[in-house]
Structure formats: C-alpha cells, structure tokens
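Each remark here refers to the structure printed beneath this line.
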Amino acid sequence: MELIADEVGARLDRPGAGLLVDLDGTLVRSEEAHQGAFREYFASRGWVVEDDVVRLFSGRRAHEVFASVAGPWGDEDPHALTRSVIDMLRGMDVRLTPVEGAARLLTACVTSGLPVAVVTSAGRTWTRAALRSFDVDDGMIGMVTAEDCEHGKPDPEPFRRGAELLGLPPGGLVALEDAPAGIASARAAGVGLVVGVTTSNPAHVLVTAGAHGTAVDLTVLADVVEGRRPTPSHGKAPDHT
C-alpha cells in the first residue's frame with residue numbers, strides 16, 4: 001500500500017484532482033447484510049442458490065444480475081425481485097459500520113476542498129442514509145446512485161457520470177472500490193488511478209480485475225488526504241437535484 005499511497009498523494013496534488021468512492025464495502029461494511037438479504041429472500045422462495053451466485057450481486061445493480069444470470073427466478077420481473085430483496089433488507093436489523101478511516105477521509109475531502117463523489121450501485125435512499133452515519137455535511141459530497149444511470153457497474157457509465165458530476169476529466173481522478181465490477185467500471189471510464197479496498201475481496205481478485213493497487217481499509221488514504229493543503233476546487237460543486 002505504501003507505493004499506492006505515494007501515487008495517490010502525487011495524483012491528488014495535481015490540478016483537476018478528485019475522488020470517486022464506492023459506498024457498500026468501501027465506505028461502510030454492509031456487504032454481509034446485503035448478501036444476507038439475498039439469501040433470506042431466496043430461502044423464503046424455497047430456492048437453493050449457491051454462494052458463488054450470491055456473490056455475483058456484489059457491487060452491481062440487482063435487477064441487472066437477475067436479468068443476466070441463470071437462476072430459479074426464471075422469467076420473473078428483475079425489478080420486482082430487486083424490490084423484494086430491498087424489502088427483506090429493510091426488515092433486517094442492519095447497523096452500518098464505517099470502514100476504518102472512512103469518516104476521516106470524507107471529512108478531509110470536505111475540509112481540504114478536494115472534490116469527492118460517492119459512485120454506488122445502491123439507491124438514493126440507502127445512500128443518503130449511509131452518508132448520514134458520517135459526521136460530514138453530505139451537501140459537499142456528490143452522489144451517483146442506481147437511479148442516475150441507464151447501465152450499472154461494470155459498465156463505465158457510473159464512474160463516467162461521477163467525473164461529470166465533479167466537472168473533472170476522469171484521468172485525473174482516484175477511485176476507491178471493493179468489488180471487481182466497480183473496478184472494471186472505473187477503469188473503463190478512464191479513471192487515472194483505481195485502488196481496490198480489500199474489505200470484501202482478497203487483493204489478488206481486485207488486482208486481476210484491474211486495480212492499480214490495494215488497501216486493507218481507508219486509514220492510509222485518509223492520512224494522505226489530511227496531509228493535503230486546502231486548495232480551491234478545480235471542479236464544480238456537486239449537484240444534488
């Protein structure tokens with residue numbers, strides 16, 4: 001991670017720098033809860049779904065997985081299936097735990113003037129609820145959620161929209177991701193430096209997916225951003241309309 005920390009620091013010191021951050025598994029430890037909701041829903045339908053299939057939903061919009069992966073859901077409406085899984089998740093006692101360093105990282109972005117946006121496959125309601133768990137003004141943090149994209153990760157659209165939201169060329173940005181689908185999305189969007197966070201997947205899986213390097217959590221990255229001198233934003237203010 002030391003090499004990547006140096007590379008992140010150097011890139012974030014350049015004009016046009018900014019940060020694009022995944023939510024689930026990267027800022028908050030919620031992947032276990034999400035997979036649990038899928039498993040409970042599948043069990044409620046009497047479906048036997050192997051763990052390797054459940055993991056295919058990680059980092060992706062569920063309706064796109066239902067529509068593209070063979071399973072006992074057959075010809076059922078993928079959007080209806082997704083709503084049922086979300087209802088299952090809402091009925092669970094989920095306590096969001098921030099990934100180590102996440103709150104410091106977001107705070108440092110805001111206080112140093114580093115443009116930052118969350119780029120997630122989750123919906124806007126879940127994303128806003130998660131961001132409220134951090135002691136930061138979420139009005140300073142951009143959001144690209146499931147509702148904002150025609151195509152989800154691993155398609156480049158989510159990270160491309162994240163760069164557009166910040167008003168910055170993707171080549172000058174850093175992306176943080178915990179899932180192979182998100183890493184593929186960031187790389188395809190032309191993001192200049194993609195760091196895999198190994199909260200949900202081992203380092204070799206993320207590097208194989210295209211990560212330039214990995215980190216076990218966000219503490220070192222928070223150190224890097226905290227060490228930046230406050231600078232005026234080179235992008236535009238996030239639009240939360």
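The values are calculated or read from the model by the stated rules, or taken from the named source; none is laboratory data. The model shown is predicted, which means the values in this text are computed figures rather than measured ones. Cβ atoms come from the backbone with ideal geometry, glycine included; neighbour counts cover every protein chain shown.
Restricting attention to segment 181-202, the residues that are at pLDDT 95 or above, out of contact with any Pro (no Cβ under 7 Å at 6 or more places or on another chain) and crowded, with 23+ Cβ neighbours inside 10 Å add up to 7. Checked against the criterion of being assigned by TED's automatic domain parsing to the domain that holds D148, at pLDDT below 95 and not in a loop (DSSP other than H, G, I, E, B), the candidates A37, A10 yield just one match: A10. Scan segment 13-34 residue by residue and report those that are farther than 19 Å from V220 by Cβ and assigned to a strand (DSSP E or B). Passing the criteria: only D24.
Yes or no, residue by residue, for (1) touching a helix residue (DSSP H, G or I) at 6+ places or on another chain (Cβ under 6 Å); (2) among the small types (G, A, S):
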{"position": "I4", "(1), (2)": "no, no"}
{"position": "G18", "(1), (2)": "yes, yes"}
{"position": "D22", "(1), (2)": "yes, no"}
{"position": "T26", "(1), (2)": "no, no"}
{"position": "D52", "(1), (2)": "no, no"}
{"position": "R55", "(1), (2)": "no, no"}
{"position": "A62", "(1), (2)": "yes, yes"}
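Listed by first and then second residue, the pairs linking a residue in segment 54-66 that is outside the structural domain of I183 (by TED's automatic domain parsing) to a residue that is aromatic (F, W, Y) and not in a helix (DSSP H, G or I), with Cβ atoms under 6 Å apart and 6 or more places separating them unless they lie on different chains, are F66/W73.
Residue under question is R11, and the condition is that it be touching a helix residue (DSSP H, G or I) at 6+ places or on another chain (Cβ under 6 Å) and surrounded by 17 or more Cβ atoms within 10 Å (Cβ to Cβ); does it hold? When the stated conditions are applied, R11 does not pass them. Scanning segment 41-89 for residues that are assigned to a loop (DSSP other than H, G, I, E, B) and of a type in the set (A, V, I, L, M), which turns out farthest from the chain's Cα centre (by Cα)? Ranking the qualifying residues of segment 41-89, first place goes to V48.
Cβ-Cβ contacts under 6 Å between residues 6 or more apart (or on different chains), taken from a first residue in segment 214-225 that is closer than 16 Å to A179 by Cβ to a second residue that is in a helix (DSSP H, G or I), are listed as T214/A203; T214/L206; L218/A102; L218/L105. Filtered by the rule that a residue be β-branched (V, I, T) and closer than 18 Å to G36 by Cα, segment 49-78 gives V49, V53, V54, V65. Selection of first residues in segment 167-186 that are under 18 Å from L105 (Cβ atoms) and not assigned by TED's automatic domain parsing to the domain that holds E157 and of second residues that are of a type in the set (S, T, Y) and part of a helix (DSSP H, G or I), restricted to Cβ pairs under 6 Å at least 6 apart or on distinct chains, gives an empty result.
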